Ligand code: DGL
């Protein structure tokens, strides 16, 4: 039994899509969520700068005595996962490897697309993760910067959004992908609109569910689950007050 909290962070509110799945998977756990809304968006920034932010947040959460860290942001995972793992003596889980694993299991044609931030696409983190699992899979990426802004502004549907989504997906469909990874934790919030732009033959994958399974397995592996005798606490921090209450 270990009642220390799990620490989860993102640049904004996208990480709440991961938090939602983690709560479903391990409902007894205490959780601290940190949204770096003052420095949002991470996507267009240099990866080195994002790494500094991510390490600072990890420091803060570690000081709150978390037992496990989840980097619920693809851009922060791409830039800082290995450094955070090396720095702290607690398990650390990112969102890229679980998403890549799910996509690799789902593709039949071995042609996979990903939409993500510019930082994630530029890092080639998905290419590397997919390649490690199956080197025959071809990955096609597109940086869908505007979609992150729409989500953070609370624009979750409408013709303007649909047009932007279809514009980002068109070059990927030209490559005959059969799986699309939502490589940004903001995108599950517009999954319905994204699916409307896909024809039925493309499977849409978000890493949140697979990440939450990793959380459960890791808690079990290290024997650090909470027993749930006391109602779990959820604490939320944000660094700015610009995000919208849309969940
Ligand atoms: N949620 C972040 C991600 O998964 C993207 C948002 C941002 O650009 O900060 O990459």
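Checked against the criterion of being surrounded by fewer than 21 Cβ atoms within 10 Å (Cβ to Cβ) and under 18 Å from residue 198 (Cα atoms), the range 80-93 contains not a single residue that satisfies it. Would a scan of the range 174-185 turn up a residue that is on the phi < 0 side of the Ramachandran plot, modelled with pLDDT under 95, surrounded by 15 or more Cβ atoms within 10 Å (Cβ to Cβ) and within 16 Å of the ligand (Cβ to nearest atom)? Looking through the range 174-185, at least one residue is on the phi < 0 side of the Ramachandran plot, modelled with pLDDT under 95, surrounded by 15 or more Cβ atoms within 10 Å (Cβ to Cβ) and within 16 Å of the ligand (Cβ to nearest atom).
Among the residues of the range 22-77, the ones that are within 17 Å of residue 237 (Cβ to Cβ), without any contact (Cβ under 8 Å) to a residue 60 or more places away in the chain and within 12 Å of the ligand (Cβ to nearest atom) come to 2 in all. The number of residues in the range 143-160 that are buried (at least 17 other Cβ atoms within 10 Å of the Cβ) and under 16 Å from the mean Cα position of the chain (by Cα) comes to 7. When the range 78-97 is limited to residues that are assigned to a helix (DSSP H, G or I) and more than 14 Å from the ligand (Cβ to nearest atom), the one that is farthest from residue 221 (Cα to Cα) turns out to be 83. Within the range 190-210, the residues that satisfy the criterion of being over 18 Å from residue 77 (Cβ atoms) and part of a helix (DSSP H, G or I) are 190, 191, 192, 193, 194, 195, 196, 197.
Flag not set for residue 170, criterion: within 17 Å of the chain's Cα centre (by Cα), part of a helix (DSSP H, G or I) and on the phi < 0 side of the Ramachandran plot.
Let's see how each residue does on (1) at pLDDT 95 or above; (2) over 25 Å from residue 142 (Cβ atoms); (3) exposed (fewer than 15 other Cβ atoms within 10 Å of the Cβ):
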| site | (1), (2), (3) |
| --- | --- |
| 25 | yes, yes, no |
| 29 | yes, yes, no |
| 34 | yes, yes, no |
| 41 | no, no, no |
| 45 | yes, no, no |
| 54 | yes, no, no |
| 57 | yes, yes, no |
| 61 | yes, yes, no |
| 67 | yes, yes, no |
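Filtered by the rule that a residue be touching a helix residue (DSSP H, G or I) at 6+ places or on another chain (Cβ under 8 Å) and closer than 15 Å to residue 19 by Cβ, the range 201-232 gives 206, 207, 208, 209, 210, 211, 212, 213, 214, 215, 216.
Being more than 16 Å from the ligand (Cβ to nearest atom) and not in a strand (DSSP E or B) is the filter here; which residues of the range 1-21 pass it? 1, 2, 3, 4, 5, listed by residue number.
The values are calculated or read from the model by the stated rules, or taken from the named source; none is laboratory data. Keep in mind it's a predicted model, so treat the numbers as computed, not measured. So basically every Cβ, Gly included, is an ideal-geometry build from the backbone, and we count neighbours across all protein chains shown.
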